[in-house]
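Remarks on the structure that follows.
Every number here is computed from the coordinates shown, using simple stated rules; none is lab data. Worth saying up front: this structure is predicted, and the values here are computed from it rather than measured. Here the Cβ is made from the backbone with ideal geometry for all residues, glycine too, and neighbour counts use every protein chain on show.
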Amino acid sequence: MTQDAVNKPESKVNKDALAQTACRELMSYGLWDTKTKAKRWIKKYILRRENAPEDLIFWTTGLLAAGLWHYRKELQNVAARTVGEEKAAAQSDILGQIDHALGAYYTRWTNKGCPIHYLDDLLAGETLLNGYEDYCASGTDNGIIDSRSAETYRKAIEKLAGYGLSSPVDEAGSFPYRSAQNNGFIFVDVIGLACPFLYRYGMTYRRNDAMELAVKQIVNFAAYGMDGSTGLPYHGYVMDTACKYGIIGWGRAVGWLLRGMAGCMISEYGAERLKDSYIGLVDAVLPYQHKDGYFSWQLHAMDGPVDTSATGMICAAIKQGIELRILTDSKYEQALDAGRNAVYRSVKDGKVYDCSGECEGFGQYPQRYGAYPWALGPALLL
């Protein structure tokens, strides 16, 4: 990355428009329409085949919720320093939209009895826990949780934590991504999906077992899932055979791993255990940042398509490391600024484009690029 790219003026972006798109997608993305429900019914009751459940808090919307919560806090901090009724009113409007969307999103889930289908769902627990902590600290309604819903949400948090703490693990203590499949596949995705919630829950409720379980996932992956030559992660591995799967340096794999690491260094215990590995991974990643700030869908495919989901997730984790004062060199600030600008250059009409499609498994990375929630959520974190 050249100094010219680093010093390039920040791209202008309307984050309110991003937040409005995220609010809409939070309530609609991944839900079954009437046609899909009919097909699922036929598959289940006529063809007698198993169906994946409709998941109201799957990881895609969990990322959106995390982004919206972060932007909400950002707006509140700005509002506290703002002078002028017009600007304050505009901020109040978008805050109201975010609160309404987050409240409706979690209420829809709690009204169904808080179903949890996968470890992926723990990502949505992060924002729920943040909202509950905010409510308890302030003692007042915060637009998402109020005195009538507080106990319901507390129980929902406990249910999510219980799901994670009781999930099957392999002989080393790592979560198989889909334990019911009995294949022993350890996906790096789980580190970013489940570990920040488990660690934050353990820290808040003094559950050392939750904190240790979260950290163990990362320590194990660092031991068994990394490429010794590049210092980058494979997509996953199987403990029994010591075989690594997927490609080296898939962009979102790096993002998931860094996200999980950063989310587990919010207290001294996690920072002491993970700091060196985290800094080492960031340092291994930065040479693959393009001159224009982007990262490719596969980091060392420098001539391949850029990917805003990889760029956004990596840079959001770097930002958190800077805020935690773990990353202190100016090169990290420069990389964050360049990556933020790159993501913002891919924004159009409230959506983040240049995002690679959903991964379908080890070695299955469709080369479809468009606007997806897994770029939009991280963009709100930058």
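Here Ile94, Ile116 are placed in order of increasing Cβ neighbour count within 10 Å, fewest first, which gives Ile94, Ile116.
Backbone phi angles across segment 218-225, fed through the Karplus curve with coefficients 6.51, -1.76 and 1.60 (θ = phi - 60°), yield HN-Hα couplings of 6, 4, 5, 5, 4, 7, 10, x Hz in residue order; Gly and Pro are listed as x.
If every alpha-carbon in the chain counts as one equal scatterer, what log10 I(q)/I(0) does Debye give at q = 0.07 1/Å? For the chain at q = 0.07 Å⁻¹, log10 I(q)/I(0) is -0.30.
3J(HN,Hα) couplings calculated from phi for segment 229-237 with the Karplus curve 6.51 cos²θ - 1.76 cosθ + 1.60 (θ = phi - 60°) are, in sequence order, 7, 8, x, 9, x, 6, 6, x, 7 Hz; Gly and Pro show x.
Backbone phi angles across segment 373-382, fed through the Karplus curve with coefficients 6.51, -1.76 and 1.60 (θ = phi - 60°), yield HN-Hα couplings of x, 6, 9, 5, x, x, 4, 6, 8, 7 Hz in residue order; Gly and Pro are listed as x. Per-residue ellipticity at 222 nm, computed for the chain from helices alone with -39500 (n - 2.57) per DSSP H run of at least four residues, works out to -18500 deg cm²/dmol.
Ranking Phe175, Ala223, Ala317 by how far each Cα lies toward the positive end of the dipole of segment 3-379 (charges on Cβ) leaves Phe175 at the top.
Relative protection proxy for 309-316, 216-223, from highest mean packing down: 309-316, 216-223 (other beta-carbon atoms within 10 angstrom). Length gained on full extension, Thr140 to Ser166, computed as 0.36 nm times the residue gap minus the Cα-Cα distance: 6.1 nm. Note on Glu268 and Glu323: their simple-model spin labels are 2.3 nm apart, each label 7 Å out from Cα toward Cβ. Only Cα pairs under 8 Å and 6+ residues apart enter the sum, and on that basis the relative contact order of the chain stands at 18 percent. When segment 3-379 is described by a simple charge dipole with +1 on each Lys and Arg Cβ and -1 on each Asp and Glu Cβ, the residue from Tyr71, Gly184, Ala379 located farthest towards its positive end is Gly184. Between Arg81 and Arg148, the modelled label-to-label distance comes to 3.7 nm, taking each label 7 Å out from Cα in the direction of the beta carbon. For Leu232, the shell of other residues with beta-carbons less than 14 Å away shows a net charge of 0, using +1 for Lys and Arg and -1 for Asp and Glu. Sorted fewest first by neighbouring Cβ atoms within 10 angstrom, Cys355, Cys114 come out as Cys114, Cys355.
Between Asp303 and Lys291, what is 0.36 nm times their sequence separation minus the Cα-Cα distance? Round to one decimal in nm.
Using 0.36 nm per residue and subtracting the Cα-Cα distance, I get 3.1 nm.
Ranking of Arg154, Arg178 by neighbouring Cβ atoms within 10 Å, starting from the fewest: Arg178, Arg154.
If the segment from Leu31 to Tyr205 were pulled out straight at 0.36 nm per residue, it would be longer than the present Cα-Cα gap by 59.4 nm. Between the beta carbons of Asn111 and Arg24, assuming R0 = 22 Å, the FRET efficiency works out to 0.65 to the nearest 0.05. Since only Tyr132, His117, Leu165 are under comparison, the one whose Cα sits farthest along the positive direction of the charge dipole of segment 97-255, derived from C-beta charges on Lys, Arg, Asp and Glu, is His117.
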